[in-house]
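Structure record follows, encoded as structure tokens.
The values are calculated or read from the model by the stated rules, or taken from the named source; none is laboratory data. Quick caveat: nothing in here was measured; it's all calculated off a predicted structure. Here the Cβ positions follow ideal geometry from the backbone for every residue, glycine too, while neighbour counts run over all protein chains shown. These area figures cover heavy atoms from the full protein model, side chains too; ligands, DNA and RNA do not enter into them. Shrake-Rupley method; radii C 1.70, N 1.55, O 1.52, S 1.80 Å.
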Amino acid sequence: MSNEHGSLIKSPKQLIIMVFASFFVPLIIILLLMVFVNNGKRSDSSASAEQLIKPVAQLNFKDASTPKELQTGEQVYKAVCAACHASGAAGAPKFGDAGAWASRLVKGYDGLLASVIKGKGAMPARGGAAPADVSDYELGRAVVYLANSAGGKLPEPKAPAAPATK
């Protein structure tokens, strides 16, 4: 009985050539594919490099002893509420939609503010904002901003009393 299946590599020289070829041929193919793919993307490379090395987040140090600057209702809406109320996500009434807000406006300012602080339906308590980031007063301003955008006539809430200094 003869051995029909022999080895393709007959000498150490052929073995060395096959090892190098099996390593370098795929590497060369990958490099050529990279050059081919990147060939069409040669626009403003300095701007794209600038975007790539741009930090993901920025540190914003604040002096804890300075008084807190209160946000307007519009600022709070854009920072906290717009994620859902701009698009109507999870059943949230859209900004400026009088029909969707009509049944909610009947509750008045106190009822709407209580819903925001406690959470309602898919909306988390405080709209997902931390008390350290957004005060109840600022949430109240956002409630007035949102409700008045849909035809409500809610007055701006009274500003909290300034803390006593020692």
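A few notes on this one:
- Matching residues, segment 56-114, being of a type in the set (D, E) and over 13 Å from V143 (Cα atoms): D63, E69, D97
- Filtered by the rule that a residue be hydrophobic (A, V, I, L, M, F, W, C) and either surrounded by 14 or more Cβ atoms within 10 Å (Cβ to Cβ) or at pLDDT 80 or above (or both), segment 123-164 gives M123, A125, A129, V134, L139, A142, V143, V144, L146, A147, A150, L154.
- On the stretch given as segment 88-101, residues that are open to solvent by 50 Å² or more (accessible area, probe 1.4 Å) and among the hydrophobic types (A, V, I, L, M, F, W, C) total 3.
- For segment 91-104, a residue qualifies if it is in contact with a helix residue (DSSP H, G or I) (Cβ under 6 Å, 6 or more places away or on another chain) and hydrophobic (A, V, I, L, M, F, W, C), and the qualifying residues are A92, F95.
- Residue among V116, V106, V80 that alone is under 17 Å from P160 (Cβ atoms) and not basic (K, R): V116
- Close Cβ contacts (under 7 Å, 6 or more residues apart or on different chains) running from residues in segment 87-108 that are farther than 19 Å from E74 by Cβ and at pLDDT below 85 to residues that are open to solvent by 40 Å² or more (accessible area, probe 1.4 Å) and of a type in the set (A, V, I, L, M) comprise A90/A122; G91/A122.
- Residue check, S115 more than 21 Å from E69 (Cα to Cα), open to solvent by less than 30 Å² (accessible area, probe 1.4 Å), assigned to a helix (DSSP H, G or I) and of a type in the set (G, A, S): yes
- Condition check for K78: modelled with pLDDT of 80 or more, within 30 Å of A159 (Cα to Cα) and either open to solvent by 100 Å² or more (accessible area, probe 1.4 Å) or in contact with a strand residue (DSSP E or B) (Cβ under 7 Å, 6 or more places away or on another chain) (or both): yes
- Residues in segment 118-152 that are in a loop (DSSP other than H, G, I, E, B) and within 23 Å of the chain's Cα centre (by Cα): G119, G121, A122, P124, A129, A130, P131, A132, D133, V134, S135.
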